[in-house]
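Let me begin by presenting the structure, written as structure tokens, before commenting on it.
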Amino acid sequence: MRIEVATPGPLSLLVAPVPADRHRVEALPGDTIALQLLVASSQQVWATDALDPAWLVCEGPDCLFGFSAAHLQTPCDGPLAFLDGCTIGRGADARLRIPVPDLTRSFAAPTVFAVAGVPGEATTEACLQAITHRPPPSLRGCAIIARSVRYGPAWVLQALLGSTDPERPTPPEELLQQPNFNPEVERFSVRVGSAGATPIDARAGDTIAVDPGDDVWVEFESDPRDAQRFVVGVDATGHLTRTVEYVGSQWYASTAVEGITTAFDPTQHFVVPDDVDAVRLDLVVDDSNGGVGWGSLTFEVDDGAP
Amino acid sequence: MARREWTGVAAGVAFASVMLARAGEAAAAPPGDPCARASCSTLRGVVARAGDRRPLPSARVLVVPETTTRKPGDVPRRHHLREGQTPAWLRAGTTDAEGRFAIDDVPSGRLRVVVVADGFVRQETIVVAVADEPLRKLFVEPVAGDPFRTVVAQKPRRSDAPQSSSTALTREEIATMPGTQGDPLRAIQSLPGVGRSPGGLGMIVLRGAAPNQSRVFYGEHPIPRAFHVLGFSSVMQADVLDGLDVQPSTFGARWGQATGGVVLLRPRRGRRDGVHGHAKADLISAGARVEGPLGRGSYLIAAQRGYVDAVLQVVEKVDPTAVFALPRYYDYQAQYDLHTRHGADLTVRAIGSGDRWRGRYLDDTGRRVEGFVLTDNFHRLELVHARQTARWRTLFTPAVRFDAARATGEMYAGTRRGVVVSARAEVERAFTQRFSLTLGTDLVVSPFRVHTQDSTFATMPTSRTIEGFDATVGLYAVGTLRLGRVTLWPGVRISGFARRAPENTGVQHSEAHAFDPRVLARWDVAKRWSLRGGVGLYSQLDDVAMSGSDGLFGSGNSLGAGRVELPPALQQALDPQIGVGELDDIVNVLTALHGSAGVTWTSRFGLTLDATAFTRHLVAPQSYVTTGTGPGLPPRSRQPYTVEAQTRTWGAELLLRQRVADRLFAWLGYTIMRSDVIDRDVRPPVRRPSSYEQRHNLVALASYALPRHFRLGARFRVVSGSPYTPVVGTIVTEYATVGVRGRTNSARFPVFHQLDVRLDKTWYRKRTTWTAYVDVQNVYNHQNVEALIYAADYRSVIGTLGLPIFPSLGVRLDW
């Protein structure tokens, strides 16, 4: 599940802007976040429309199994709704406005759940009914994806809660740095035929024609901007403390393809099968600060007819 | 006429009779009187059992003239005296309790001494007797192929000991029981009412009670742990015990701080008839014992050391990709017993145990890295003073124990240290033949210090130190009332509990007390029939010790490409429980109501049938306080919030037992049980199987002494699968795939069944005994399921965990 700030709220004016082609991961009260879903395994990528997920919100990582039938009908229209559980609708994606919290109460981040029945195995309705039982009898055929909404940047929250330590003021480097944003999958380098073949520059969403039996090498070209560096504070000696994001990747295929695994290697090699019309590869990249992005390449298989 | 060899027990006695009859005939004839031709004197000597050199009482010793030119010494069996050989003369005597004999009118010179005793091979020895000089000690070999005298007993040591249902095992039984490697506490797992330990690990589950609800007493004081790490062995060797009693419920008021059952380990006094001992070694451990007289008393010292880690490290040297968690352990027992001039028995005893378990893994470079180290040690010193007269019996025993445990991981470290002081004082007065009364008190005070360090977040390392104590004090009174064939043991126990662990929020609720009346009864209906029963209340303070493994043995941990879901029983078996978790002052007192009734019948052929029905109702409160502070959090709670879980257990046990002399012991034990946990904190209350419910538990066991000192034994067990909580779905989060668990204990593993076989071979020498054994667990290598391994995404079960075939070889020397 990917979360990005789609419509910044008034508090977002306090933070530095992100690059135009990037979206913030961490939200602030008043922001509206967009939620997107990719459901995939090593042998299949499901169309999100067909899954018809239900989007639920509650507070805490285990809160889904406190849901009742009433909560499934409760719209997420305020912070109190988050505490017990509420719903933000159905569909391939969803949007949620982060309300301004009541600061005298708990300020825990909500968790968003996408609950969907896998076609042919269970329906979304059956899955929703199962989660209202405690404990659930069975969730076979149900895809449940959870993601906690990250609040940030931290210094804004500290200011909001009045918990800034006057002895250790936030360094200006932290105030002015770019906030955490999602990595993106944009460019691939593709070689067809042999590892030494001339590489083809491809962009996410492109379609490439291949023949059955072709050897294909696909390499993800990551954007160095996505491995963000952050100032997170000042140590006892007065020096800035920094962290660097680690960006990882994982491949998925729309069909069983020899050579494609869910390995973390940015380069994949496979042989085009002769019994499919197309092979779609999806690459998911994530960083160590909750950022997620994905993109796909489609290899259209020529049937060899004259 | 065929020559006949006089062998065996009955034949030996017959031989003695025939020879004595002929001696009478010979004595009547003047040429047969040896003293008529030579000077005679009294021939003295000692007869002892070969191997352990125990004096042999009531043995017949015959002396005849030696007519051959054979060298002095033991005579091979083929050259023994035969039927039809009539000696010129014969003298006879019998050994006393010390194995000594004295036979008058025996001439000096070459003699043949024949020793015949029930249960022993006939021994003939050629000696050269010198007037008034005692013979060298004569050793005779037992008939049965067993270095121990094997006795199956299921009666109390003292006929008036208050227990409604109890099973005793002797040291000899323990030593030869298949599938137990001679371990005392593993042996009791073959008894009805005692549950199978999950994974073969060290746990004592009595009538469905969780292991921490039962207590193991070594002597008069409880021990903190009964088993070494991973249950490889008990924390003592069987040879230091006189025996043990298992009282799975409805035990007398003398024992407290347990809502399940008690296991009473009876330490043995050292022998005074010489220096004895043993040395043994097998694939996982080595041990030794020495005992003997010292001054007017006796001493006994024993120790064992487990070296599984060394064995596994050899495997690692052979296979560079192998990596194991390395367990190592030791224990020791030492005691000195003295019977004072004032008629009192004084014992000074020291026992101790230590474990270390190093968990490691292979890092990216193939180097073995230590992931965690768990250590757990205790040392106890105690004094026992007991005195008994015609009407009075007194007992006083103080003890002090030092506990130290440590759990170290890559990001955390926790230690727990404690000095446990315990004592028992007791006086018993027999007022009449029919009535006696015992009054006593016991206490356990356990100050502790827990220190933890957590550096999971490098920028915010945390350190915490808690000092506190647990204390329990008990006062008890037990009467013994004999009314003809009925014996009643009414009793009461008043317990006080206190706890101080100053990390709470000011809740002053650190003391509690309990009043536990109990009554047990036995009715000897007829010579072969007796009825017994009991009912009572039992209380205990909940455990302050919490998980010391920091989630090492929780559910969902990675193993290879999968995730292991450990059932709660197995988690508890693996967890060292060294107490580095959250603590608070709250005293939660668990209370149980026990009831049992049974019948015992003994046939005239030695077959015994015991049938017992039992019930147990446990109320276990669990209290919480709010400890956090800060904006948005509720204020600290003034009163603890308490939830209550109840466990109802009922069932029946059957024990059918047969013993044929010392050659065979066998039993068939069956337990049917239902144990439900009722969670009343939810509406409507939820009822589920307890984690230790084993609805059916069948154990068939037999051990038979074969010729040539072989002993073959087998144990077969069929037990209902343990309950577990299934994973019914998954949630994919940004960090991992998390399993969603269904209804607690709503599924069961497949039925457990296993055959264990043990073969012993003993070689007798005059002063030593050598024994070699092979003990094979799970002979037909059945894959019993103890835990499931799910795929990393929980979409399928990709494997199971269970003990495969496990052979153990050992050799032992006794002297």
Scan segment B:417-446 residue by residue and report those that are more than 28 Å from the chain's Cα centre (by Cα) and farther than 18 Å from B:Val478 by Cα. none
Return a yes/no flag: does segment B:320-338 have any residue that is closer than 23 Å to B:Asp183 by Cβ, at pLDDT below 95, small (Gly, Ala, Ser) and open to solvent by 20 Å² or more (accessible area, probe 1.4 Å). yes
Counting just the residues of segment A:19-48 that are over 17 Å from the mean Cα position of the chain (by Cα) and surrounded by fewer than 20 Cβ atoms within 10 Å (Cβ to Cβ), which one comes out farthest from A:Gly293 (Cα to Cα)? A:Gly30
Could you please tell me which pairs satisfy a Cβ distance under 8 Å, a separation of 6+ or placement on different chains, a first residue in segment B:718-738 that is at the interface with another protein chain (Cβ under 10 Å from one of its Cβ atoms) and farther than 30 Å from A:Asp287 by Cα, and a second residue that is of a type in the set (Lys, Arg) and in a loop (DSSP other than H, G, I, E, B)? B:Thr725/B:Arg743
For segment B:276-291, enumerate the residues that are open to solvent by less than 40 Å² (accessible area, probe 1.4 Å), in contact with a helix residue (DSSP H, G or I) (Cβ under 8 Å, 6 or more places away or on another chain) and of a type in the set (A, V, I, L, M, F, W, C). B:Ile284
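Could you list all residues from segment A:181-231 that are among the acidic types (Asp, Glu) and in a strand (DSSP E or B)?
A:Asp201, A:Asp215, A:Glu219, A:Glu221
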Give me the pairs, please: first residue somewhere in segment B:364-391 and outside the structural domain of B:Ser446 (by TED's automatic domain parsing), second residue anywhere and surrounded by 13 or more Cβ atoms within 10 Å (Cβ to Cβ) and part of a strand (DSSP E or B), beta-carbon distance under 7 Å, and either six or more positions apart or on two chains. none
Output the number of the condition that B:Glu653 fails; it satisfies all remaining conditions of (1) modelled with pLDDT under 90; (2) on the phi < 0 side of the Ramachandran plot. (1)
Report whether or not B:Thr432 is in a loop (DSSP other than H, G, I, E, B), over 23 Å from B:Gln257 (Cβ atoms), modelled with pLDDT under 80 and among the hydroxyl-bearing types (Ser, Thr, Tyr). no
Odd one out for A:Pro136 among (1) open to solvent by less than 40 Å² (accessible area, probe 1.4 Å); (2) assigned to a loop (DSSP other than H, G, I, E, B); (3) more than 14 Å from chain B (Cβ to nearest Cβ): (3)
So for segment A:240-249 (the condition being more than 14 Å from chain B (Cβ to nearest Cβ), buried (at least 17 other Cβ atoms within 10 Å of the Cβ), under 17 Å from the mean Cα position of the chain (by Cα) and of a type in the set (Ser, Thr, Tyr)), does at least one residue qualify? yes
Take the residues in segment B:380-428 that are among the aliphatic types (A, V, I, L, M) and in contact with a Pro (Cβ under 7 Å, 6 or more places away or on another chain), then tell me which one is nearest to B:His339 (Cα to Cα). B:Leu383
Here's a check for you: in segment B:765-784, which residue that is more than 19 Å from B:Gln754 (Cβ to Cβ) and over 26 Å from the mean Cα position of the chain (by Cα) is least open to solvent (accessible area, probe 1.4 Å)? B:Lys766
With the condition kept exactly as written, say whether any residue in segment A:143-157 is crowded, with 17+ Cβ neighbours inside 10 Å, within 7 Å of chain B (Cβ to nearest Cβ) and assigned to a loop (DSSP other than H, G, I, E, B). no
Could you grab me the full set of residues in segment B:740-758 that are within 27 Å of A:Pro137 (Cβ to Cβ), touching a Phe, Trp or Tyr at 6+ places or on another chain (Cβ under 9 Å), more than 10 Å from chain A (Cβ to nearest Cβ) and not in a loop (DSSP other than H, G, I, E, B)? B:Ala747, B:Arg748
Being assigned to a loop (DSSP other than H, G, I, E, B), open to solvent by 40 Å² or more (accessible area, probe 1.4 Å) and at pLDDT 80 or above is the filter here, so list the residues in segment B:500-543 that pass it. B:Lys527, B:Arg528
Of A:Leu80, A:Leu14, A:Leu64, the only residue that is touching a helix residue (DSSP H, G or I) at 6+ places or on another chain (Cβ under 7 Å), open to solvent by 30 Å² or more (accessible area, probe 1.4 Å) and either of a type in the set (A, V, I, L, M) or modelled with pLDDT of 90 or more (or both) is A:Leu14
I'd like the residue in segment B:684-727 that is assigned to a loop (DSSP other than H, G, I, E, B) and among the hydroxyl-bearing types (Ser, Thr, Tyr) and, out of all such residues, is nearest to A:Arg140 (Cα to Cα). B:Thr725
Any residue that is within 13 Å of another protein chain (Cβ to nearest Cβ), touching a helix residue (DSSP H, G or I) at 6+ places or on another chain (Cβ under 8 Å) and over 24 Å from A:Asp282 (Cα atoms) - is there at least one of those in segment A:35-53? no
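The values are calculated or read from the model by the stated rules, or taken from the named source; none is laboratory data. Remember, predicted model here, so these are calculated numbers, not experimental data. Positions of Cβ are backbone-derived with ideal geometry, glycine not excepted, and every protein chain shown enters the neighbour counts. Note: accessible area is taken over every heavy atom of the protein model, side chains too, but ligands, DNA and RNA are not part of it. Shrake-Rupley method; radii C 1.70, N 1.55, O 1.52, S 1.80 Å.
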